[in-house]
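Following: one structure in C-alpha cells, then a few remarks.
The values are calculated or read from the model by the stated rules, or taken from the named source; none is laboratory data. In this text the structure is predicted, and so the values were computed from the model without any measurement. Cβ: placed from backbone, ideal geometry, glycine included. Neighbour counts: every protein chain shown. Each accessible area value is taken on the protein alone, full model and side chains, heavy atoms only, with ligands, DNA and RNA left out. Shrake-Rupley method; radii C 1.70, N 1.55, O 1.52, S 1.80 Å.
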Amino acid sequence: MVSYRKYLVERTLTFIISMFFSITIVFLVPRLAPGDPIKTALEQVIVGGGSEIEKTVEEYKRMLGLDKDLATQYIFYIKELFRGNLGYSIMYFPTPVIDIIMRAIPWSIGLLTTTTILSWIIGTFIGAIAGWRGEGSRFFNILAFIALGLYVIPYYIFAVILAYLFGYIIRIFPLSGGYTPGLMPSLNLEFILDVIWHSTLPALSIILSSLGWWFLSMRSMIINVKGEDFILMAEAKGLRKNRILWKYAFRNAILPQVTGLALSLRNVVGGALLTEVIFAYPGVGYLIFTAITNMDYPLIQGAVLFLIFTTCFLNFAIDILYPLVDPRIRYGEE
Amino acid sequence: MLSYNRLERRASTLRRLFTMLFSNRIFTLGFTLFMTIIIISLIGNHLFPQEFIRVGNFLPNQPPNLEGHLLGTDSLGRDITAQLFMAVLNSLQIGLIAAAVGTALGTIVGFMSGYKGGIVDSILRIVIDAFLSIPSLIFLVLIASVVKTVDVWSVAMLLSMFSWANPARQARAQMLSLKERDFVYMARLSGMNSWEIVIKEIMPHIFAWMTANFTNAVLWAILTESGLSIMGVGPQGEITLGMMIYWALKYVALFRGLWWWWMTPVFTLIYLFISLYLMHLGMDEVFNPRLRDKRG
C-alpha cells in the first residue's frame, strides 16, 4: 500500500496544481486584458445616462471587490469560490452565475452520459462480433474501415451534417433547443418524449463519433484473446462458437473496455460543447456561446471554471478509484 | 574524418527513414493527399486576387457556376473558392506552428524531466499531468474571448500552450528507457557531456517518434482551431476553415439551402483529417516495431 499512498499524494498534488493554475489564469486574464471588460459589457446592456453606468459599474465593482488591489482581489476571489460564489451574470443581472450554470448542467450531463454509454454498448458488442469473425469476413472489414472514418472525423462535423440531413432535407427532427418552447419543464411523459425528440440529433452526432473507437478497440482486443490457450481449449472441448465468444473471449476482453469507459466519463460535462452550440441545446456549451456573444464575462469565467473543475475532479476521482477496482493497474509508473 | 563519418551516418539514417516511410502504402497515400491540397491551395491563393474575399465584392448567395465562382459566393458576397484556398493555408499555418512549438517545447521539457530524474522529474511530471488534465478547448475559449483581437499567429500561440504536454510526457518515457542503454554509457565514458549525449546519441533514436507525434499535433491544432472558431472566439478578421464554418452557421447557411457555403469547409476538414490520420497510421506501422513484426 506504500506505493498507492505515494500515488495518491501525487494525484492529489496534480489536481491541486491544475486547479490552482486554472483559477489563477481565470482570475488574471480579464483583469490584465486591455480596457475594462465589465464596463464595456455593462455599457452594451444598459442604455441610459453616463452617471447611471458609472454608478452600476461602481456598485458592481464593489460587489466583486474590484476596487481593491490585485492581491486582495485574488484572496477575495478564492474565498468566494470556496463559498460557491462565481459572481453575478451581466446578461441576467443580478442572478448569481452558479444558478445559471446549475440550470444548464443537467442538460449537458444527461446528453453526454446517455450517449457515452449507448455508443459504448453498441461499439463494444459489434466490435466483439467483428473481432470474432476475424479478418476474413469482407462485411466486417468494410465495417472496420467505416469505424476508422468515424473515429477520425470530429463530432461537430457530424453535428453539422446531421443538422442538414435530418433538419433541412428530411425535416423529421427539430433543429434547435432542448424542448418545444411553451412546454412546461416537468416530469411528465409528454415533456420527456419531447426532450428525447429534441435530443436525438445532438446525441446521434456524439454517438457516431465515439462509436468508431469502441468498435475498433474491442475488435482488436477480441482478436488478441482469440489466440489464447484457453480459447483453443474451449474449442477442443467442443463448445459452441457463440458460447466461446460470449462466455470466454468477451469476458476477458471487456476489462480494458470498461477502463476506457471509466476514463471517458471525465468528459461527461464539457465533452460536447460544439454540438450544443450547433443545435442550440440548452447545456453549458451553449451557455458559454451565448455568454460570449453577449460579452457576459462573469458568466464565461464562471462556466469555464466550473467545467474545468468538474473535468479535473472527475479525472482525479477516476484516477484514485480505479486502482482499487482493478489491482492490475500500476500506480502511474512507466 | 570522424565528424564526416558521423554526418554521413546520420544522413543515411534519415534516408533510410524516408525510404521506409514511402514504402508504406498508407503513409504514401496520406502524404499524397496532404501535399495535393497544399499545392492546390498555394497555387490557387496566388492566382486569386485579394479582393475576391472582400465583403460585398460579388453578388451574394450565388450557387456554384462556371462563370467565375466554381464554389459559389457566400451571403457576404465573397468568393468561396478564394476563401477556401486561404482558409486551408491559414489553418495549416496554425496547425504547423502550434505543432512545431508544442513538439519542440514538449521534447525539451520531457528530456529534462527524464534525464535529470529526482526532484526535477517529480515536479515536471506533476506539471505535465496537470496540463494534461485541464480541458484545453474550454480554457482556450476563455482566453480567446477576453483577448479580442486574435489572429492566426495568436491562435497558434494559444494552442501551443496546451500542445506541449502530451509530447513532453512521451519524450520523458522515451528518455527514461534510452538513457539506460549501453551506447549512452559508452558516450558518457568517452567524455561527452549531457547535451552532446542528448543531441548526438539520443536525438536520432527519437526522430521517428517526433515526426509521428508532430503529425498528430497538427491534426489536434487544426481541430481545436475549428472548435474555437465555432464557439465564436476564432480569428474574426481572418479566414480559416473553422471561421468559414462559423460564418456559414452564423448566417444559417445550413437551413437556407446554401449548401456550397458550409459543405466546402466541412468536407475540406474531413479530407485534411483523413490525410493526416493516414500519415500517422503509416508512421505508426513503420516505426512501431511490434506492429511491424506482426505484419511480417
Check your understanding: Would it be correct to say that B:Glu201 is open to solvent by 60 Å² or more (accessible area, probe 1.4 Å), farther than 30 Å from B:Gly44 by Cα and charged (D, E, K, R)?
Key -> no
Point to revise | Residue that is surrounded by the most Cβ atoms within 10 Å (Cβ to Cβ), among those in the range A:138-179 that are away from chain B (no Cβ under 12 Å) and within 19 Å of the chain's Cα centre (by Cα) | key: A:Gly178
Study note, to complete from the structure: In the range B:169-194, residues that are of a type in the set (A, V, I, L, M, F, W, C), more than 14 Å from every other protein chain (Cβ to nearest Cβ) and open to solvent by 50 Å² or more (accessible area, probe 1.4 Å) total 3
Check your understanding: On the given criteria, is A:Phe145 in the same structural domain as A:Phe279 (by TED's automatic domain parsing), at pLDDT 85 or above and over 20 Å from A:Tyr281 (Cα atoms)?
Key -> yes
Practice item. Working carefully through the options B:Leu228, B:Leu281, B:Leu219, find the one that is more than 9 Å from chain A (Cβ to nearest Cβ) and either assigned to a helix (DSSP H, G or I) or open to solvent by less than 20 Å² (accessible area, probe 1.4 Å) (or both). Key: B:Leu228
Study note, to complete from the structure: Quick count over the range A:9-18, residues being open to solvent by less than 60 Å² (accessible area, probe 1.4 Å) and either more than 9 Å from chain B (Cβ to nearest Cβ) or within 11 Å of A:Leu305 (Cα to Cα) (or both), is 1
Exercise for review: Among the numbered conditions (1) part of a helix (DSSP H, G or I); (2) within 14 Å of chain A (Cβ to nearest Cβ), tell me where B:Met203 comes up short.
Suggested key: (2)
Practice item. Give the range A:111-160 a look and list any residue that's among the polar types (S, T, N, Q), part of a helix (DSSP H, G or I) and over 28 Å from A:Leu175 (Cα atoms), or say none. Key: A:Thr124, A:Asn141
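Which is buried (at least 24 other Cβ atoms within 10 Å of the Cβ) and assigned by TED's automatic domain parsing to the domain that holds A:Thr115, of A:Gly271, A:Gly260, A:Gly302?
A:Gly271
Considering only residues that are among the polar types (S, T, N, Q) and surrounded by 14 or more Cβ atoms within 10 Å (Cβ to Cβ), look in the range A:64-94 and name the one that is farthest from A:Asp296 (Cα to Cα). Write out each step before concluding.
Step one: filter the range A:64-94 for residues among the polar types (S, T, N, Q), giving A:72-73, A:85, A:89.
With surrounded by 14 or more Cβ atoms within 10 Å (Cβ to Cβ) added as a condition, the list becomes A:73, A:85, A:89.
Numbers: A:Gln73: 20, A:Asn85: 16, A:Ser89: 7 Å.
My answer is A:Gln73.
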Check your understanding: Can you name the residue in the range A:19-35 that is small (Gly, Ala, Ser) and modelled with pLDDT under 85 and is also farthest from A:Ile308 (Cα to Cα) among such residues?
Key -> A:Gly35
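Taking the conditions exactly as written (touching a helix residue (DSSP H, G or I) at 6+ places or on another chain (Cβ under 8 Å), within 24 Å of A:Arg11 (Cβ to Cβ), of a type outside the set (Val, Ile, Thr) and open to solvent by 20 Å² or more (accessible area, probe 1.4 Å)), does B:Leu96 satisfy them or not?
Values: touching a helix residue (DSSP H, G or I) at 6+ places or on another chain (Cβ under 8 Å): yes; within 24 Å of A:Arg11 (Cβ to Cβ): no; of a type outside the set (Val, Ile, Thr): yes; open to solvent by 20 Å² or more (accessible area, probe 1.4 Å): yes.
No.
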Point to revise | Residues located in the range B:55-85, provided they are open to solvent by 40 Å² or more (accessible area, probe 1.4 Å) and either outside any loop (DSSP other than H, G, I, E, B) or on the phi > 0 side of the Ramachandran plot (or both) | key: B:Gly56, B:Asn61, B:Gly68
Review point. Would it be correct to say that A:Phe289 is part of a helix (DSSP H, G or I), in contact with an Asp or Glu (Cβ under 8 Å, 6 or more places away or on another chain) and not aliphatic (A, V, I, L, M)?
Key: yes
Check your understanding: For the subset of the range B:145-168 comprising residues that are among the hydrophobic types (A, V, I, L, M, F, W, C) and out of contact with any helix residue (DSSP H, G or I) (no Cβ under 6 Å at 6 or more places or on another chain), which member is most open to solvent (accessible area, probe 1.4 Å)?
Key -> B:Trp153
Point to revise | Single residue of B:Phe267, B:Phe273 found to be over 30 Å from B:Ala187 (Cβ atoms), assigned to a helix (DSSP H, G or I), facing another protein chain (nearest Cβ under 10 Å) and touching a helix residue (DSSP H, G or I) at 6+ places or on another chain (Cβ under 7 Å) | key: B:Phe273
**Study point:** Positions within the range A:305-328 being within 11 Å of another protein chain (Cβ to nearest Cβ) and either over 24 Å from B:Ile143 (Cα atoms) or open to solvent by 20 Å² or more (accessible area, probe 1.4 Å) (or both), in sequence order
**Key:** A:Phe306, A:Phe309, A:Thr310, A:Phe313, A:Leu314, A:Phe316, A:Ile318, A:Asp319
Check your understanding: Does any residue of the range B:234-248 turn out to be within 14 Å of chain A (Cβ to nearest Cβ), within 24 Å of B:Ala87 (Cα to Cα) and modelled with pLDDT under 90?
Key -> yes
Check your understanding: Looking at B:Ala212, is it in a helix (DSSP H, G or I), touching a residue at least 60 places away in the same chain (Cβ under 8 Å), within 14 Å of another protein chain (Cβ to nearest Cβ) and of a type in the set (A, V, I, L, M, F, W, C)?
Key -> no
